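Here is the structure we will look at.
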Amino acid sequence: MTSDSDQTIRERWVASPSPAGGGTTRAGDPASSVDEVDLTPVRTYWELVRMRFRRHRPAVISVFVLAILVIYAVIVPLTTGEGYKDPNIRKVWDPAEIVITFDPFTVEAFAPLGYDEIGQNVFVRLAKATQTSLVIGVAAVLIIAGIGSFIGAIAGFLGGRVDNLLMRLVDIVLSLPVLFIILMIVSFFGTGDVSVVIIAIGITGWTLAARLIRGEFLTLRETDFVMAARALGVHSRRIITRHMLPSALSPLIVASALGVADSVVAEAGLSFLGFGISPPEASLGNMLNNAQTYFIRAPILIVWPGLVLILIVLSVSFIGDGLRDALDPRQKIESGS
Amino acid sequence: MSGDPVGNDILLSVRDLRTAFDTMDGTVKAVDGVSFAIRRGETLGVVGESGCGKSVTALSILRLIERPGRIVGGSVDFGGRDLLAMSESEIRDVRGNRIAMIFQEPMTSLNPVYTCGRQIAETVQAHRSVSRAEAWEKAVEMLDLVGIPDAGRRAKQFPHQMSGGMRQRVMIAMALSTDPDLLIADEPTTALDVTIQAQIFELIARLREERRMAMLLITHDLGVIAEMADDVVVMYAGQVVEQGDVRSVMTDPHHPYTRGLLASIPRIGERRHRLEVIPGVVPNPLNLPAGCLFRRRCPYAMEICETPPHLTDLGGGRSSRCWLDAEGRAPEVTLPEAAHG
Amino acid sequence: MATYILRRTLQAIPIIIGISVVVFAIVYLAPGDPTARFRTPKVPPEQIEALIRAYGLDRPVHEQYISWASTFFQVWNPDAWGYSFLSGDPVLEKVLYRVPPTLLLMGSALLVTIVVAIPVGMLAALRQYSLTDKVITTLSTFTYAIPSFLVGAYALYFGAVLLPELTNGAIKFPSFGMESLGSRGDPLDLLWHLILPVLTLSVISIAGWSRYMRSSMLDVLHQDYVRTAKAKGLPRRAVIYQHALRNALIPIVTLIGLSIPGLIAGAAITETIFTWPGLGSLFVEAVGTRDYPVVLALTMVGGVAVIAGNLLADILYGLVDPRIRY
């Protein structure tokens, strides 16, 4: 990130402690009383970003919540292996139990959330489901950010006819009934396949990222430092990757954060309808679908995957909000509904 | 026109007005103990750089300060009543009726979804018991009065169909539609082209004269004050630093800040190598210097300036907030060259 | 205005063609033979051949596309959209049959959303920073994060399982369908069936819209013209309802058009949960059974609805904002 954008300078002004409060008497010395505003940078751009992010309390809490979820989704499946698939006929509908043993995370020992209709340990299964959802969310966003920044960068950098053409493409994708298209792709190209789910979500969701990057590029194209790079004969690809992409990073990051939430929800919705990840693999959506079938018998079963899903969506969107405010207080990105 | 106290002729008297804004970083005293008075039919100019509390003073008089701002203290005496102590419905009866206001931004001060005529008629209807048709007639009449050609047709137009100058004329028509005793004009021409500015001021001056209406004119331009005002109040960082009748303040400024403002007006027929500007900026209201608020930009700053100066009565209705006046007369020196670094 | 609508409709044509290409490509590229379902030992191979020729499956892809697309837009022909693989009914008829229930569900949900969200958002804005505002803002932020199918599942559990249990069966919301057996056309019965799905669809959109309304209102309350209205001495009521609200509603009105695609998508899930006989549940059924003609038709209908929604949003915008001229 360039540290000499006008934003940064403004921030320095605000951030630098004014020397006025000091006890030194400068009265009577007109020469020294002229430039009392200290312009030396007190904090770097990233220090300021961190500072502003920390001020956004929901975002900070969300980082902790998300960290706990990630740890849960990594550690538990690591120690229990394929255990989330194991049915245990003797444990069907068993209530929660916590047995302290030397090996606390084995499927047998630790079931604070009880067992489901075929005796699967809900705590272990939920961990695997969280992992699946997070993996899908992150992977889909990588595709979204990749396609989005590629198309947005080309459109914004070249402008003119290419831009026009690419924006028509964006219009078409925006006009697609997205859920229908995702359902079609997932259903026709392989129900239950994680990678198909990821691709389906990814290739329908990149329009916001592309538009943001394009907008940023159209502005950047006219800025002095890109003009200078061009005048010096720097290769276009280098201008894009070295000079423009880093500056367009903040809208991309924010769009990605929103994309993670949307993707996780999309996967859960698919699996809930029976098109996404199918058992015995675990996903939040198929756990919810399953829980709905046994609603009357065990209403509590729908709470856990639902709670995790809401926590992921909430924390990711709060982090997105925090990042948006921290990276660029001027930018307003409406979270798509 | 000189400052003889004509007590019973006072229309509006502001005493020790204090308005503060609560921000995340602390309380900002935007207006800090401002006092002045306007006589019937007189124009009082309030002048100062942006951010010195002029507009907040004007808004405070009509209690139009929104959160996070609040009026902390003082009184605004108008026709024997304190505006700040009135009930909500009483002050509403004063607003737009006995005291009208026009704003800096004609482009955004009119509601985009209603026609100009409707917005004027609405004001008339709020304060006079007239029918809708009569109010509309009055609106057209007012538009005609402020020099809008084809007023009947123009009244049916929306603000966006008019130019900035036209819109400010609509604002003036709206303000005058109820024959107010006092017009508060907050930088009425700042957003307009120079040629339009002169037209608008001419219009305001003419209508004010015809209707014997008092005016509180807020501007950052001492030239405008010289043209339009009888008395002047110079504000700096939320305080009055000098006041008096326009002629004597212009010809014999006391406060170094007033001198700086005067020195920054280009004059025809005067040869100067450079236009003087006051060095530095208005201090951050969250971090005001101790003592005289102008101290750090003042070429005459002394040890004593670390103690806050009080408003010194200079006689003849004039006063100045400077230690030089409290201790005698300021020496006549030009701003030192070093100040332009 | 008429020219504007005409121009926008013409501009929509390439986009609709683009959508049809994408949709057709997905179906064409889908692995598996569309005739596979007919290949049973009882069906002679000649008959399969005939089927392939009848559906034009042996022709090159662009010919297949053109023949599908050119017949597709002849909506005045009852067989323009082909016949369902599953039931053999004309797709057009099948789809049209499902339109009223979806419109009813979407319309009711939209109505409930508008009626609740606008006052709630306005209240929060007028009392900014108060306890009321904080409660509304927090609630809507959290509610907005709940996926619609979760709301649906909980609504179903609450209305059809928990409530009857608590009230000893006195209150029991129907858990599926549009009407009870034998009470066809009874408006009260229909209303009874509508409650849970409408609740599901509107809860989240109320959360979203009230947040939007709040920020729109706050934005307007800080505008110069609202200050002018106060300075004119207008009563608070007039300042808020005539000057502020009228302007705050401008972006909200366009939301109505823009929310239509979201409602269709939301309806797919909600309709499936409550087995509401609308377009969304028909699509889910058709996708699951690979009923390609139905899938193609519904996706095209969805795409046209998105475009129509956008157009509607722009037209409404022009109607409520005098600054917009076509």
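The values are calculated or read from the model by the stated rules, or taken from the named source; none is laboratory data. Every value quoted in this text rests on a predicted model; they were computed, and no experiment measured them. Positions of Cβ are generated from backbone atoms using ideal geometry, with glycine treated the same way; all protein chains shown enter the neighbour counts.
The table for this structure:
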| item | result |
| --- | --- |
| Only listed residue being surrounded by fewer than 22 Cβ atoms within 10 Å (Cβ to Cβ) and under 21 Å from the mean Cα position of the chain (by Cα), chosen from C:Pro261, C:Pro251 | C:Pro251 |
| Extreme residue, nearest to the chain's Cα centre (by Cα), among residues of region B:104-125 that are facing chain C (nearest Cβ under 7 Å) and farther than 12 Å from C:Lys232 by Cα | B:Glu105 |
| Answer residue from region A:286-309, given it is in contact with a Ser or Thr (Cβ under 8 Å, 6 or more places away or on another chain) and free of Cβ contacts under 8 Å to residues at least 24 places away in the same chain and is nearest to A:Phe272 (Cα to Cα) among those | A:Asn289 |
| Verdict on B:Arg63 being more than 8 Å from chain C (Cβ to nearest Cβ), in contact (Cβ under 8 Å) with a residue 24 or more places away in the chain and either farther than 27 Å from B:Gly238 by Cβ or part of a loop (DSSP other than H, G, I, E, B) (or both) | yes |
| Selection count where residues are free of Cβ contacts under 8 Å to residues at least 60 places away in the same chain and either outside any loop (DSSP other than H, G, I, E, B) or within 19 Å of B:Glu137 (Cα to Cα) (or both), scope region B:95-125 | 14 |
| Residue within region B:6-22 that is assigned to a loop (DSSP other than H, G, I, E, B), in contact (Cβ under 8 Å) with a residue 60 or more places away in the chain and either at positive phi or not small (Gly, Ala, Ser) (or both) present | no |
| Hits in region B:126-157 - residues which are over 28 Å from the mean Cα position of the chain (by Cα), within 14 Å of another protein chain (Cβ to nearest Cβ) and part of a loop (DSSP other than H, G, I, E, B) | B:Lys156, B:Gln157 |
| Of all residues making up region B:26-60, the number that are basic (Lys, Arg) and closer than 18 Å to B:Tyr236 by Cα | 2 |
| Where B:Val94 falls short, out of the listed (1) farther than 25 Å from C:Leu245 by Cα; (2) within 11 Å of chain C (Cβ to nearest Cβ) | (1) |
| Of all residues in region A:44-71 being among the aromatic types (Phe, Trp, Tyr) and under 18 Å from the mean Cα position of the chain (by Cα), the one that is surrounded by the fewest Cβ atoms within 10 Å (Cβ to Cβ) | A:Phe64 |
| Of all residues making up region B:228-271, the number that are charged (D, E, K, R) and either in a strand (DSSP E or B) or crowded, with 16+ Cβ neighbours inside 10 Å (or both) | 5 |
| Selection within region B:35-49 - closer than 21 Å to B:Leu262 by Cβ, of a type outside the set (Phe, Trp, Tyr) and assigned to a strand (DSSP E or B) | B:Thr43, B:Leu44, B:Gly45, B:Val46, B:Val47 |
| Qualifying position, being more than 30 Å from the chain's Cα centre (by Cα), within 14 Å of chain B (Cβ to nearest Cβ) and modelled with pLDDT under 90, among C:His222, C:His243 | C:His222 |
| Which numbered condition C:Val320 fails, given (1) within 13 Å of chain A (Cβ to nearest Cβ); (2) in contact with a Leu (Cβ under 8 Å, 6 or more places away or on another chain); (3) among the hydrophobic types (A, V, I, L, M, F, W, C) | (1) |
| Lone unmet requirement of (1) touching a residue at least 40 places away in the same chain (Cβ under 8 Å); (2) under 15 Å from the mean Cα position of the chain (by Cα) for A:Leu270 | (2) |
| Any hit, region C:41-55, residues being basic (Lys, Arg) and at pLDDT below 85 | yes |
| Test result for C:Ala229, facing another protein chain (nearest Cβ under 8 Å), farther than 19 Å from C:Gly121 by Cβ and at pLDDT below 90 | no |
| Which listed residue, of A:Ile203, A:Ile182, is within 14 Å of chain C (Cβ to nearest Cβ), within 28 Å of A:Val63 (Cα to Cα) and of a type in the set (A, V, I, L, M, F, W, C) | A:Ile203 |
| Only listed residue being within 12 Å of chain C (Cβ to nearest Cβ), crowded, with 22+ Cβ neighbours inside 10 Å and touching a helix residue (DSSP H, G or I) at 6+ places or on another chain (Cβ under 9 Å), chosen from A:Ala326, A:Ala261 | A:Ala261 |
| Among (1) at pLDDT 80 or above; (2) in contact with a Gly (Cβ under 6 Å, 6 or more places away or on another chain), the one test that B:Ile265 misses | (1) |
| Entirely in region C:50-158, the helices (runs of 4 or more DSSP H) that have 3 or more residues that are surrounded by 20 or more Cβ atoms within 10 Å (Cβ to Cβ) and not polar (S, T, N, Q) | C:91-126, C:148-157 |
| Selected residue (only one of A:Ser195, A:Ser187 is among the small types (Gly, Ala, Ser), in a helix (DSSP H, G or I) and within 13 Å of chain C (Cβ to nearest Cβ)) | A:Ser187 |
| Test: residue in region C:278-288 that is more than 9 Å from every other protein chain (Cβ to nearest Cβ), under 23 Å from C:Val320 (Cβ atoms) and surrounded by 24 or more Cβ atoms within 10 Å (Cβ to Cβ) | no |
| B:Leu293 being more than 7 Å from chain A (Cβ to nearest Cβ), buried (at least 19 other Cβ atoms within 10 Å of the Cβ) and either within 24 Å of the chain's Cα centre (by Cα) or under 25 Å from B:Met24 (Cα atoms) (or both) | yes |
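Here is a yes/no grid of residues against (1) facing another protein chain (nearest Cβ under 10 Å); (2) over 22 Å from C:Gly159 (Cβ atoms); (3) of a type outside the set (Gly, Ala, Ser):
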{"position": "A:Thr241", "(1), (2), (3)": "no, yes, yes"}
{"position": "A:Val254", "(1), (2), (3)": "no, yes, yes"}
{"position": "A:Phe275", "(1), (2), (3)": "yes, yes, yes"}
{"position": "A:Leu284", "(1), (2), (3)": "yes, yes, yes"}
{"position": "A:Pro299", "(1), (2), (3)": "yes, no, yes"}
{"position": "A:Ser317", "(1), (2), (3)": "yes, yes, no"}
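Here is a yes/no grid of residues against (1) within 14 Å of another protein chain (Cβ to nearest Cβ); (2) farther than 29 Å from B:Arg247 by Cβ; (3) crowded, with 21+ Cβ neighbours inside 10 Å:
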site: B:Arg297; (1), (2), (3): yes, no, yes
site: B:Glu303; (1), (2), (3): yes, yes, no
site: B:Thr307; (1), (2), (3): yes, yes, no
site: B:Leu311; (1), (2), (3): no, no, no
site: B:Gly315; (1), (2), (3): no, no, no
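Let's see how each residue does on (1) modelled with pLDDT of 85 or more; (2) of a type in the set (A, V, I, L, M); (3) within 16 Å of A:Val178 (Cβ to Cβ); (4) outside any helix (DSSP H, G or I):
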site	(1), (2), (3), (4)
A:Ala229	no, yes, no, no
A:Val234	no, yes, no, yes
A:Ile239	no, yes, no, no
A:Leu245	no, yes, no, no
A:Pro251	no, no, no, no
A:Ala255	no, yes, yes, no
A:Leu258	no, yes, yes, no
A:Glu267	yes, no, yes, no
